[in-house]
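S.K.: Quick one: structure below, then a few questions.
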Amino acid sequence: MRLRLTPRDDSYYEMFADSANNLVIASRLLVELISEDADREAITEKMRACEQTGDERTHAIMRRLNESFVTPFDREDIYRLASCLDDVMDSMDAAVDLIGLYRLDRLPKGIIDQVEVLERAAELTAEAMPRLRSLKDLTGYWIEINRLENQADQIYRRLLAHLFSGEYDALTVLKLKDVIEELETAADAFEHVANTVESIAVKES
């Protein structure tokens, strides 16, 4: 461990944990949204509130970063981690918004698989953030997130093949493609979070 001669601002750990916990809430809203008889309008409003909370937490981290003299790890890594967590939230919010805006009453069954991957990735990320303080027991986290992202890629490709199978008209294909691409982007962003955590652990070890 590095020897630090001045006090460091440890509030970042709690702030990152709060951001990750917000992603768990958002992922579970996605699960609700794709269930039968879902109140999509109400869920969309909840997701919008969740996205606003995420923005507020990201901005709080950035403000703290500008005010802190000593940080628990590299400033660029703090910025990158906050940005990646925010990217996950933005993509999940966009997917929910598009489903409502496009009035997509019928979604391909494969979207359930996409959402399940995102929910698991959110849970793993929320479990990992408190361990940033000690940087212990994190290897399994980024390995599993990488596995989930590979799984998400396979689901995405199967969904694309299904979209272009001829079952849907051209306009519906374009609408559904927008949604599944946002969900795929969210999975990619979770991997970026994990890669950043791995980078921090390597630098600080």
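S.K.: Name the residues in the stretch 66-84 that are among the hydrophobic types (A, V, I, L, M, F, W, C) and more than 17 Å from R133 (Cα to Cα), would you?
M.R.: F69, C84
S.K.: Restricting to the stretch 118-152, count the residues that are of a type in the set (D, E) and either over 19 Å from H192 (Cβ atoms) or surrounded by fewer than 14 Cβ atoms within 10 Å (Cβ to Cβ) (or both).
M.R.: 1
S.K.: Could you list all residues from the stretch 48-83 that are part of a loop (DSSP other than H, G, I, E, B), surrounded by 14 or more Cβ atoms within 10 Å (Cβ to Cβ) and not polar (S, T, N, Q)?
M.R.: Answer for the stretch 48-83, where residues must be part of a loop (DSSP other than H, G, I, E, B), surrounded by 14 or more Cβ atoms within 10 Å (Cβ to Cβ) and not polar (S, T, N, Q): P72, F73.
S.K.: Residues in the stretch 38-78 that are in contact (Cβ under 8 Å) with a residue 60 or more places away in the chain and of a type in the set (D, E): how many?
M.R.: Result for the stretch 38-78: 2.
S.K.: Please work out if S35 is free of Cβ contacts under 8 Å to residues at least 60 places away in the same chain and more than 17 Å from the chain's Cα centre (by Cα).
M.R.: It is true that S35 is free of Cβ contacts under 8 Å to residues at least 60 places away in the same chain and more than 17 Å from the chain's Cα centre (by Cα).
S.K.: Taking K136 as the residue in question, decide whether it is over 18 Å from the mean Cα position of the chain (by Cα), modelled with pLDDT under 95, within 20 Å of E32 (Cα to Cα) and of a type outside the set (G, A, S).
M.R.: Considered against the rule, which asks whether it is over 18 Å from the mean Cα position of the chain (by Cα), modelled with pLDDT under 95, within 20 Å of E32 (Cα to Cα) and of a type outside the set (G, A, S), K136 comes out as no.
S.K.: Further question on the same structure: Yes or no: the stretch 109-119 includes at least one residue that is farther than 19 Å from S35 by Cβ, of a type outside the set (S, T, N, Q) and at pLDDT 95 or above.
M.R.: There is no residue in the stretch 109-119 that is farther than 19 Å from S35 by Cβ, of a type outside the set (S, T, N, Q) and at pLDDT 95 or above.
S.K.: Return yes or no: is V202 over 18 Å from L107 (Cβ atoms) and either under 18 Å from the mean Cα position of the chain (by Cα) or not in a helix (DSSP H, G or I) (or both)?
M.R.: So V202 fails the test.
S.K.: For the stretch 184-196, what are the residues that are surrounded by fewer than 23 Cβ atoms within 10 Å (Cβ to Cβ) and either within 22 Å of P72 (Cβ to Cβ) or not β-branched (V, I, T) (or both)?
M.R.: Residues satisfying the conditions are D188, E191, H192, N195, T196.
S.K.: Then there is this: So, in the stretch 24-56, of the ones that are charged (D, E, K, R) and touching a Leu at 6+ places or on another chain (Cβ under 8 Å), which residue ends up nearest to A186 (Cα to Cα)?
M.R.: Restricting to residues being charged (D, E, K, R) and touching a Leu at 6+ places or on another chain (Cβ under 8 Å), the top hit is K46.
The values are calculated or read from the model by the stated rules, or taken from the named source; none is laboratory data. Source: prediction; values computed, not measured. Don't worry about glycine lacking a Cβ; one is built from the backbone with ideal geometry, like all the others, and counts go over all protein chains shown.
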